[in-house]
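Encoded as structure tokens, the structure appears first; notes follow it.
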Amino acid sequence: MDDIPLSVLISALVLLILISGFFSGSETGLMSLNRYRLRHLADKKHKGAMRAQRLLETPDKLIGLILLGNNFVNILAASLAGLIGLRLWDEAGFIAAPFFLTALVLIFAEVTPKTLAALHPERFALPSAYILEPLLKVLYPFVWLTNLATRGVFKLLGISREQSADTLSQEELRIVLNEASAFIPQRHQKMLLSILDLEKVSVEDIMIPRNEIIGIDLDDQWDDIAKQLTETQHTRLPIYEGDIDHIVGMIHMRDVVQFFKSEEPHKQDFIKLIRDAYYVPIGATLNTQLLNFQRERRRNALVVNEYGDIQGMITLDDILEEIVGEFTSDPADLNKDIYQQEDGSYLIDGSTTIRDLNKAMDWELPVEGPKTLNGFIIEYLEHIPEQGTSLLLNDEYPIEIMQTTPNAVKTVHINPTARKQKKA
């Protein structure tokens, strides 16, 4: 070794430190890769991504290869550093060499490459895959022996080697969507998040209440029924006898149009057009109901409680609006029970649902309890308020009771600017 020039030894040491940095950066880069982006690049036949994907399919072999190479290079570098120190400063240099080498390795072979690889994983990982994949084939016997010993240690300690599934939970997917706001249009982002929220919303939250269901009463005179059919704006109507609890079925206006083209339409012939009604439980989640609508090829359903009593009606359009949102930005148009005044305030019917109120007013009232504004106010006050009563719902949302009945709040007045001033 004395015949080897000192400059060659120093050059070899620098090369070993660079190789160590390559292994360190490659390890961090490969492990920091976005797996979904990697699959996307691999599907596009990106050769570096395809090689990296193959390496990551067996992480134990990859880590074994990197650590084998890194440790071999570091040990060899330590030996060279000791030899260089001995040649330069005799025994004092030999003692000082490990400290000097530790600083070099820490800065240039560990911290710097790993930090850069963590910041730009693709720039490190994809090019390094061209070297690591063939190197794995060359050093496979040594990697296999290393992994064999590692598996033995795992077995001795009772540690499972099963990989965790590379999948996202619903909440993790929600975080991904929120963080991808720079790449996804805001409207599309809201739609995707709304799809995830379908599991948290039940049919009861968005159904048309039974007192607002528009239908045909077969007990009415035929002339009245015919007039209602010709003037209705709905494409499907429930048919009942006497009241909504006695449902006969549903009628589609497409059939009614053809029916009225006949020379003498009669009530008995009209009854033959009635189709079977479709019923769903009140607690069904929207994602389940959406799939049920698709499977049953239906567009609306009557909602029943545990006793089979009609509670309301839900349509496919109601569920789709939960995903894509309303087709207007005017709060007064979002709900027929919300009326905007000239001063910018609103008169709101007590039967308005909390969900619709939150959407229209950009409020955050809890939706887990009462479903309507009337129910929320009564539960909040624990009594039927008198006309003129003012209160802050949840200590934040100012409202004034404008009209009441003996058993309900009929109309309330809301001034959104009052809350803005309060928040400011």
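Worth a mention:
- Residue within the stretch 23-33 that is part of a helix (DSSP H, G or I) and surrounded by fewer than 18 Cβ atoms within 10 Å (Cβ to Cβ) present: yes
- Selection from the stretch 256-275 of residues that are assigned to a helix (DSSP H, G or I) and surrounded by fewer than 11 Cβ atoms within 10 Å (Cβ to Cβ): Q258, Q268
- Verdict on E133 being modelled with pLDDT of 85 or more, among the charged types (D, E, K, R), outside the structural domain of N292 (by TED's automatic domain parsing) and out of contact with any Pro (no Cβ under 6 Å at 6 or more places or on another chain): yes
- In the stretch 83-126, the residues that are within 27 Å of N34 (Cβ to Cβ), surrounded by fewer than 16 Cβ atoms within 10 Å (Cβ to Cβ) and not hydrophobic (A, V, I, L, M, F, W, C): T112, T115, H120, R123
- Matching residues, the stretch 87-120, being more than 22 Å from N71 (Cα to Cα) and under 41 Å from the mean Cα position of the chain (by Cα): L119, H120
The values are calculated or read from the model by the stated rules, or taken from the named source; none is laboratory data. Everything numeric here is computed off the predicted structure, so don't read it as measured data. Cβ atoms come from the backbone with ideal geometry, glycine included; neighbour counts cover every protein chain shown.
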